[in-house]
Structures are given as C-alpha cells and as structure tokens.
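Q: My questions all concern the structure below.
The values are calculated or read from the model by the stated rules, or taken from the named source; none is laboratory data. This one's a predicted model, so the numbers in the text were calculated from it and none came from an experiment. Cβ placement follows ideal geometry from the backbone for every residue including glycine, while neighbour counts extend to all protein chains displayed.
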Amino acid sequence: MAKSLIYICCLPSSFTPMALNDLFAPFGTILWSRLVQDTNAETHTYGYVEMAQSQAEKAISSLHGSLIEDQKLIVRFSNDILQRRRN
C-alpha cells in the first residue's frame, strides 16, 4: 500500500487533533496525524495527515478549498508544498 502525507493549512485556531481526524475519517483510515501547536498549546493553523494514496487523493479533492469557520482550507500532498519552497 502506497502512503501519502497530506498538508492542511488555514485551519481555525479552535481546531483540535480529534477534529482533524474527524475531518479526514470519511475518506479512509488515518495512519498518522498531527496538528502543530505552539508552546502555549494553542493551535497553529496547519497539520498533517497520512493515509493510503487513493484515500488521500479523494480527501484532497474533496477538502481543498472548503470552508471551516469561514476559513478556506488549503489541502495538498506535502510533497507539493516542499517542491514550492525549493523553487
């Protein structure tokens, strides 16, 4: 099974690790997830989810550009983000 790491940006500050898992659960099995937090335990606005490749593709196509608490989500393969930073 090929695995893919998904990058999620522009999450609301009220988002929790459980909410991140709940957001991606309809698309398949979450192998790993992380919501980045600062030292005050307040959520930054991004996270990562690892899923099977085919499930990740469905999640990205469904969630990219969707609104949560009036914030438009950016949902992409993490490799896409790394490539943009290198260029």
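So that you can scan it fast, the table gives a plain yes or no per residue for (1) assigned to a strand (DSSP E or B); (2) surrounded by 16 or more Cβ atoms within 10 Å (Cβ to Cβ); (3) at pLDDT 95 or above:
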{"position": "S33", "(1), (2), (3)": "yes, yes, yes"}
{"position": "Y46", "(1), (2), (3)": "yes, yes, no"}
{"position": "V49", "(1), (2), (3)": "yes, yes, yes"}
{"position": "A56", "(1), (2), (3)": "no, yes, yes"}
{"position": "S61", "(1), (2), (3)": "no, no, yes"}
{"position": "G65", "(1), (2), (3)": "no, no, yes"}
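Q: So, one more: Count, please, the residues in the stretch 1-22 that happen to be among the hydroxyl-bearing types (S, T, Y) and surrounded by 17 or more Cβ atoms within 10 Å (Cβ to Cβ).
A: Count: 2.
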